1. What's the whole-number percent of alpha carbon pairs in region 91-158 lying beyond 17 angstrom?
2. At what distance in angstrom do the alpha carbon centres of region 94-113 and region 168-208 lie from each other?
3. Got a sec? How would 116, 121, 209 order by Cβ neighbour count within 10 Å, fewest to most?
4. By what distance, in whole Å, do the Cα atoms of region 58-234 stretch along each of the three principal axes, largest value first?
5. If we count other beta carbons within 10 Å of each Cβ, what is the order of 125, 213, 184, fewest first?
6. If we count other beta carbons within 10 Å of each Cβ, what is the order of 138, 159, 195, fewest first?
7. Can you compute the modelled spin-label distance between residue 163 and residue 98, with each label point 7 Å from Cα toward Cβ, in nm?
8. So, by mean Cβ neighbours within 10 angstrom, what's the order for 197-204, 160-167 with the highest one leading?
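Laboratory data are not the source of any read-out in this text; all were calculated from the coordinates shown. Here the structure is a predicted model, which is why all the values come from computation and not from measurement. Every residue, glycine among them, receives a Cβ derived from its backbone with ideal geometry; neighbour counts consider all protein chains shown.
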């Protein structure tokens, strides 16, 4: 095709580019925030994307997928599985609580499962534990904080309790929150079924996570004939 014949096509592309640049310039002038540009483009993409069917029975939300590197836009490893009335969190990385409350999920309603004891998978535990005990709407736990994890989890949680003992003492005097809600019930597990309540079954299986760490697990969650598998790989 000759260059002359392609001139209308070139002009059409240039006009569309000009319109896009004008829109971006307008947004930037109004907000002085480059995030608005990104959000506008995302909104356009989402509007044109096909709807993804959802189910109320079993839902998975990636709360964070980052490495130990502090990233302001990518929080620490954590996965939420909602199965019926159960809200199960797998790993508790940096800002897990923030992500949960963004979903308007009260922190006191979740149960925690740990894949392995690397710090980036556990650093958010004190926040989830204590903040989940605070008054509603984001807290409200009235029963002990329940945690399942590999060998060493019970010991880790006992030390966390000791580390925050003075804070807990003060808050008990200041607050009307249930004293049972700040207690911890932790349990070490091996391979096999580690949890089964309200029709939800959680099964742990060993995975390889480097050469040094021996106690690392993935999880399978079953509910009403549906399942989520290999949660360690997701987290």
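1. Working: 835 of 2278 pairs.
Counting every Cα pair in region 91-158, those more than 17 Å apart make up 37 percent.
2. So the two Cα centres are separated by 14 Å.
3. Numbers: 116 22, 121 26, 209 17.
Neighbour counts put them in this order, fewest first: 209, 116, 121.
4. Its Cα atoms span 45, 37, 33 Å along the three principal axes.
5. On the way: 125 24, 213 12, 184 15.
Taking fewest neighbouring Cβ atoms as first place, the list is 213, 184, 125.
6. Details: 138 16, 159 9, 195 19.
Going from least to most buried by this count: 159, 138, 195.
7. About 1.9 nm, to one decimal.
8. Details: 197-204: 17.0, 160-167: 12.5.
Descending mean neighbour count gives 197-204, 160-167.
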